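Below is one structure, written out as structure tokens; the observations come after it.
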Amino acid sequence: MSELHALGHASKIPDAPDARTLERVPNPHPDVDYVTRFAAPEFTSICPVTGQPDFAHLVIDYVPDQWLVESKSLKLHLASFRNHGAFHEDCTVRIGKEIAALIGPRWLRIGGYWYPRGGIPIDVFWQTGELPKGVWAPEQGVAPYRGRG
């Protein structure tokens with residue numbers, strides 16, 4: 001694990017997601033199918049048209065194979081989007097694809113539950129393949145946006 005740059009070191013949030021700060025660690029149980037979940041209820045990025053902030057609750061579920069996502073590197077990577085201009089769909093799918101490319105999970109899904117912009121909430125979902133047979137993956141648990149009602 002000596003190749004890790006975030007874990008165990010002082011770290012700053014990268015200026016942009018292109019810094020490629022995501023890191024992985026070996027899965028101590030590659031013989032077992034299980035679900036790992038990351039929830040980022042305060043994700044933020046920038047609207048590429050207006051420059052205004054956009055907010056989302058991201059939920060990332062995956063069944064690891066040989067590798068796990070190192071959580072501190074994921075936190076830093078997600079925070080790097082706060083000054084990044086991209087549409088909701090791009091941010092959500094990009095994060096899912098980046099994680100899938102890094103760790104090669106048996107299965108991964110990401111739900112991006114975006115708060116309203118112009119009166120319309122946008123939810124974005126992406127996954128790789130099918131959940132392995134016999135594996136339980138709970139619902140993501142984020143209620144549909146209901147405003148004040």
Residue among 39, 56, 101, 10 that alone is small (Gly, Ala, Ser) and within 22 Å of residue 136 (Cβ to Cβ): 39
Number of positions in the stretch 118-136 that are crowded, with 16+ Cβ neighbours inside 10 Å and in contact (Cβ under 8 Å) with a residue 40 or more places away in the chain: 1
Residue list for the stretch 56-97, filter: outside any loop (DSSP other than H, G, I, E, B), over 9 Å from the mean Cα position of the chain (by Cα) and polar (S, T, N, Q): 71, 73, 80, 83
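Each row is one residue, and each column tells you yes or no for (1) at pLDDT 95 or above; (2) within 30 Å of residue 134 (Cβ to Cβ).
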position	(1), (2)
8	no, no
24	yes, yes
44	yes, no
81	yes, no
91	yes, no
108	yes, yes
Single residue of 59, 69 found to be under 25 Å from residue 9 (Cα atoms), of a type outside the set (Ser, Thr, Tyr) and in contact with a strand residue (DSSP E or B) (Cβ under 9 Å, 6 or more places away or on another chain): 69
Residue count for the stretch 17-42, restricted to those that are buried (at least 16 other Cβ atoms within 10 Å of the Cβ) and assigned to a helix (DSSP H, G or I): 1
Cβ pairs under 6 Å, 6+ apart, first in the stretch 81-100 and within 19 Å of residue 39 (Cβ to Cβ) and in contact (Cβ under 8 Å) with a residue 24 or more places away in the chain, second buried (at least 22 other Cβ atoms within 10 Å of the Cβ) and small (Gly, Ala, Ser): 81/45; 91/45; 92/112
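The values are calculated or read from the model by the stated rules, or taken from the named source; none is laboratory data. For clarity, every value in this text was computed on a predicted model and none was experimentally measured. Note that each Cβ is placed from the backbone with ideal geometry, even for glycine, and that neighbours are counted across all protein chains shown.
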